[in-house]
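J.: Below is one structure. I have some questions about it.
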Amino acid sequence: MRRKPGSLTVLAGGTGSAKLIRGLAEVIPQENLTVIVNVGDNIRLYGLIVCPDLDTVMYNLAGVADEKRGWGIAGDSFNAQKMLACYGLETWFNLGDRDLATHIHRTALLAGGLKLSEATRLLAEALGVKARILPASDDWIETVVHTSEGWMHFQEFWVKRKAEPKVLKVEYQGVEDSKPADGVVEAISEAEAVILSPANPITSIQPILDIPGVRKALGETEASVLAVSPIVGGSPVSGPAGRLMAGLGLKVSAYTVAERYRDFLDVFLIDRRDEALKNAIESLKIKCIPTDIIMASRRDERTLAEFIIKTLRAEGASTSA
Ligand code: GDP
């Protein structure tokens, strides 16, 4: 497979991914970036198709994201939802007024017959995004969490119920019959390097890996595949990854994450405080590099992105900075 010089493909979820993508977009031209985004947390609300991870990635690349909150558009208001509440509708999933415009337009494009990948391209272009944002699949995949209180959509588990119910099982409904969106497999096969951004391994990365053909493409690509651990010192930096992993009987550790990606991963960045895991991870035939992987500021995001580019160059990728 011919590799496109300088091209970088990133697998992404929401908050952690957005931070790294912001950093990468500062150190390489956005045009060289392709972001393959989880669709398992997409949800229908008020008759609209809401794609939280796609929008988080898009708003961040467009420079309009609310970086403090980690979701939505900076400075947005919430008047429409106040009105929806007047009508007696539930409003546990916050949708700002400007954010709602994205969902209204996307839903209309889909109703008009466009695929999610086509709708995403139009939305991103309109917002001036130069990177290519690809939903992992055009098909409807829904991450469902089976809990002690019954099954619920992942958003209901995390946003409405604050990850309180005991997790028994996680299921990606529809994934077995799904296909990767156009361009996804090529973006993995033809990239100089592939990065798994720090994302929830259960609800952001796994629903991408389970789409038939994706895991195989990662295993077969000549690109270096690098991941950043979302787990630091036995817990996630944010979000419900720890609750979900523990519920599934997995040890909450960077090692567990490495093990889940062992069939395709070349390089794994872990936090310095997890240095003791390096030998065990390297025994999986994955090069393990302890470094600073917490991004608490824009400066941290850029520093980690620069470190990744340097590491990938050392691995032989001609990634242009
Ligand atoms: P979420 O778990 O639903 O928030 O899903 P995401 O895919 O957005 O995952 C966020 C993941 O990124 C979590 O597992 C966090 O631990 C991780 N994360 C968030 N911020 C950082 C960071 O600054 N550094 C690293 N290494 N991981 C992060």
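The values are calculated or read from the model by the stated rules, or taken from the named source; none is laboratory data. Everything numeric here is computed off the predicted structure, so don't read it as measured data. Reconstructed Cβ throughout: ideal geometry from the backbone, glycine too, with neighbour counts over all protein chains shown. Just so you know, the surface numbers come from the protein's heavy atoms only, side chains and all, with ligands and any DNA or RNA stripped out. Shrake-Rupley method; radii C 1.70, N 1.55, O 1.52, S 1.80 Å.
J.: Restricting attention to region 206-222, and to residues there that are within 16 Å of the chain's Cα centre (by Cα) and open to solvent by 10 Å² or more (accessible area, probe 1.4 Å), which single residue is nearest to Ala187 (Cα to Cα)?
T.: Among them, the one singled out is Arg215.
J.: I would also like to ask the following. Examine region 72-82 for a residue that is of a type in the set (D, E, K, R) and either open to solvent by less than 30 Å² (accessible area, probe 1.4 Å) or closer than 30 Å to Ala193 by Cβ (or both), and state whether such a residue exists.
T.: Within region 72-82, one or more residues are of a type in the set (D, E, K, R) and either open to solvent by less than 30 Å² (accessible area, probe 1.4 Å) or closer than 30 Å to Ala193 by Cβ (or both).
J.: Right, another one. Just to be sure, is Gly239 over 20 Å from the mean Cα position of the chain (by Cα) and either within 12 Å of the ligand (Cβ to nearest atom) or in a loop (DSSP other than H, G, I, E, B) (or both)?
T.: no
J.: Going by the structure shown, is Ile205 β-branched (Val, Ile, Thr) and away from the ligand (no atom under 13 Å from the Cβ)?
T.: no
J.: Report, ordered by the first and then the second residue, all pairs with beta carbons closer than 9 Å, sequence separation of six or more or different chains, a first member in region 41-59 that is in contact (Cβ under 8 Å) with a residue 40 or more places away in the chain, and a second member that is of a type in the set (Lys, Arg) and open to solvent by 10 Å² or more (accessible area, probe 1.4 Å).
T.: Val50/Arg44
J.: Here is a follow-up. Specify which of the listed residues (Thr107, Thr102) is polar (S, T, N, Q), assigned to a helix (DSSP H, G or I) and farther than 25 Å from Leu33 by Cα.
T.: That would be Thr107, the only listed residue that is polar (S, T, N, Q), assigned to a helix (DSSP H, G or I) and farther than 25 Å from Leu33 by Cα.
J.: Conditions: (1) open to solvent by 20 Å² or more (accessible area, probe 1.4 Å); (2) among the small types (Gly, Ala, Ser); (3) closer than 21 Å to Gly63 by Cα. Ala119 meets all but one. Number of the miss?
T.: Failing condition for Ala119: (1).
J.: Going through Ile211, Ile188, Ile195 one at a time, which residue ends up being in a loop (DSSP other than H, G, I, E, B) and either within 14 Å of Arg260 (Cβ to Cβ) or out of contact with any Asp or Glu (no Cβ under 7 Å at 6 or more places or on another chain) (or both)?
T.: Being in a loop (DSSP other than H, G, I, E, B) and either within 14 Å of Arg260 (Cβ to Cβ) or out of contact with any Asp or Glu (no Cβ under 7 Å at 6 or more places or on another chain) (or both) holds for just one of Ile211, Ile188, Ile195, which is Ile211.
J.: Could you list, in sequence order, all residues of region 1-25 that are in a loop (DSSP other than H, G, I, E, B), more than 16 Å from the ligand (Cβ to nearest atom) and open to solvent by less than 40 Å² (accessible area, probe 1.4 Å)?
T.: Matches in region 1-25: Gly6, Ser7.
J.: Check whether at least one residue in region 138-157 is away from the ligand (no atom under 16 Å from the Cβ), among the hydrophobic types (A, V, I, L, M, F, W, C) and within 16 Å of Gly13 (Cβ to Cβ), and report yes or no.
T.: No, every residue in region 138-157 fails to be away from the ligand (no atom under 16 Å from the Cβ), among the hydrophobic types (A, V, I, L, M, F, W, C) and within 16 Å of Gly13 (Cβ to Cβ).
J.: Checking the structure you have, find out if any residue of region 244-256 is part of a loop (DSSP other than H, G, I, E, B), free of Cβ contacts under 8 Å to residues at least 60 places away in the same chain and either touching a Pro at 6+ places or on another chain (Cβ under 8 Å) or β-branched (Val, Ile, Thr) (or both).
T.: Checking region 244-256: at least one residue is part of a loop (DSSP other than H, G, I, E, B), free of Cβ contacts under 8 Å to residues at least 60 places away in the same chain and either touching a Pro at 6+ places or on another chain (Cβ under 8 Å) or β-branched (Val, Ile, Thr) (or both).
J.: Could you list all residues from region 242-265 that are touching a strand residue (DSSP E or B) at 6+ places or on another chain (Cβ under 7 Å) and either open to solvent by 40 Å² or more (accessible area, probe 1.4 Å) or within 16 Å of the ligand (Cβ to nearest atom) (or both)?
T.: Correct list: Gly242, Arg243, Leu244, Gly247, Leu248, Val252, Ser253, Ala254, Val257, Ala258, Tyr261, Leu265.
J.: Out of curiosity, is Ser229 within 16 Å of the ligand (Cβ to nearest atom) and at pLDDT below 95?
T.: When the stated conditions are applied, Ser229 does not pass them.
J.: Could you grab me the full set of residues in region 184-200 that are in contact (Cβ under 8 Å) with a residue 60 or more places away in the chain and under 17 Å from the mean Cα position of the chain (by Cα)?
T.: Of everything in region 184-200, those that are in contact (Cβ under 8 Å) with a residue 60 or more places away in the chain and under 17 Å from the mean Cα position of the chain (by Cα) turn out to be Val184, Ala187, Ile188, Ala193, Val194, Ile195, Leu196, Ser197, Pro198, Ala199, Asn200.
J.: Every residue in region 26-61 that is crowded, with 22+ Cβ neighbours inside 10 Å, within 16 Å of the ligand (Cβ to nearest atom) and of a type in the set (A, V, I, L, M, F, W, C), please.
T.: Those that are crowded, with 22+ Cβ neighbours inside 10 Å, within 16 Å of the ligand (Cβ to nearest atom) and of a type in the set (A, V, I, L, M, F, W, C): Val35, Ile36, Val37, Val39, Cys51, Leu54, Val57, Met58, Leu61.
J.: What pairs come up if the first residue lies in region 285-313 and is open to solvent by 60 Å² or more (accessible area, probe 1.4 Å), the second is within 12 Å of the ligand (Cβ to nearest atom), and their beta carbons are under 6 Å apart, counting only those six or more places apart or on different chains?
T.: So the pair list comes out as Arg302/Gly23.
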